[in-house]
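Working notes, beginning with the structure itself.
Only the coordinates and a few stated rules stand behind these numbers; no lab work does. Since the structure is predicted, the reported quantities are computational estimates derived from the model, not experimental observations. Positions of Cβ are backbone-derived with ideal geometry, glycine not excepted, and every protein chain shown enters the neighbour counts.
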Amino acid sequence: MYNSKFYDLTQKERLLVTLLFDKKINKKDIDVLVDTTDTKKENINYLLLLSYLDFQNNRKIFPEEISSRLKIIFDTYHKNNLFMITWFINKIKLLNKAGIPVMFLKGLALKYYYVKGFPRNMADFDIAVPENKYDEAVKLLRDKDSLYEKFTSSYHDEIKSNGRIVEIHRWIFKNNGEKGTDIWERAVNIDFYGTKVCVPCPQDMFIHQLDNRSRDFFKGVFLKRKLNWLFDCRHIWNFMDEADKKSLQNRVREFNVVYNIKFMLSVFLECFPELIDKKEAERMFPVSQEYMLWLDLGMKNQIKFMEYEKKYSREGPLTPSRIYKGFVLHMSMYRIFRLERGLHGFNLGFFRYCKEALNINGIGDLWKKYCVRVSLFDK
């Protein structure tokens, strides 16, 4: 089902994931972690999770030398997050004052779903705003002390200031799959240091995490997050009720991410088989010839057929190569769209793809959006 070299956890990583959700911890397991862990060389994400395990158990399960080192790491990242958040709060206040709804994504949203105290490694802040408020939000967040970077004019922008970054998303799912859904209506409203924001509901958050990690897998950055996403999704799972779990399949179809979720869900359930019976998971997301083709294309071509890459949106001269690559990118995405929906032929199926997947209603809009993708002009 997948190329194991990208995913397989080491013995100590599997053990750590298990212990993070296991109420019973024995000395033998702790000894394994102690004997196989070098706190000066390990990946920071592994150390933060190890530190959190120690925190959960009142700093009493590891030898003093290791525990004190883990506590320093734990406190350092907690303080660093507070430093970044202070700047970020002022940005959110600007959006609140203008009446622009704000949805937290990725790490920020995950902090709501975490148990209290975990100092997640936060490289940036990801937020989404309604598409009709997008341009206004970007204008408000830009100031003379910030650097502004437009990655893809139809997807997201970045505001940078002194090592702090806020990434503003026009869409929550990269394929604009939330169009026509009630993702904003179902969001959970929260108070964030005196500001009003929301996070995706548990079901949408779970799907969003799996979707993002599937893209990481094909982009080759999955190994950096192979522990975190398990920890993230396992916590989110606890927030979903039985209705959420039963309707997961239908919600995934609404977002047009069936294959992405099927792929990552199978990996997730290998680590937590007790959550969903294997036969039930297969019934929800059956293996098909089209899915295997999708997976094969993903392994060979990486993410090129699944989303728009940054290199297709950088400013530069129009060349035959850029036009060709942009055309191949769209046609590859259209092919997957057809496979997922059982469509045949080009004609009407292509217009349905434009309308449903790209939110384009006419040939003029199609050409404009295509040109945006190859950076001929801004939207």
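Here are some notes:
- Taking Asp277, Asp29 and counting other C-beta atoms within 10 Å, the order from fewest to most: Asp277, Asp29
- Multiplying the residue separation of Leu293 and Lys79 by 0.36 nm and removing their Cα-Cα distance gives an extension gain of 72.4 nm.
- Length added when fully stretched, Glu242-Lys71, from 0.36 nm per residue minus Cα-Cα: 57.9 nm
- Unit Cα scatterers, Debye sum, the stretch 4-284: log10 I(q)/I(0) for q = 0.08, 0.10, 0.11, 0.17 Å⁻¹: -0.36, -0.57, -0.69, -1.48
- Inter-label distance, nm, simple model (7 Å from Cα along the C-beta direction), Gln249/Asp22: 3.3
- Sorted ascending by nearby beta carbons within 10 Å, beginning with the fewest, Arg352, Arg215 become Arg352, Arg215.
- Counting 0.36 nm for each residue step from Leu9 to Glu136 and taking away their Cα separation leaves a gain of 41.3 nm.
- Pairs beyond 23 Å (Cα-Cα), from Lys12/Lys111; Lys79/Lys174; Lys23/Lys79; Lys23/Lys196; Lys93/Lys139: Lys12/Lys111; Lys79/Lys174; Lys23/Lys79; Lys23/Lys196
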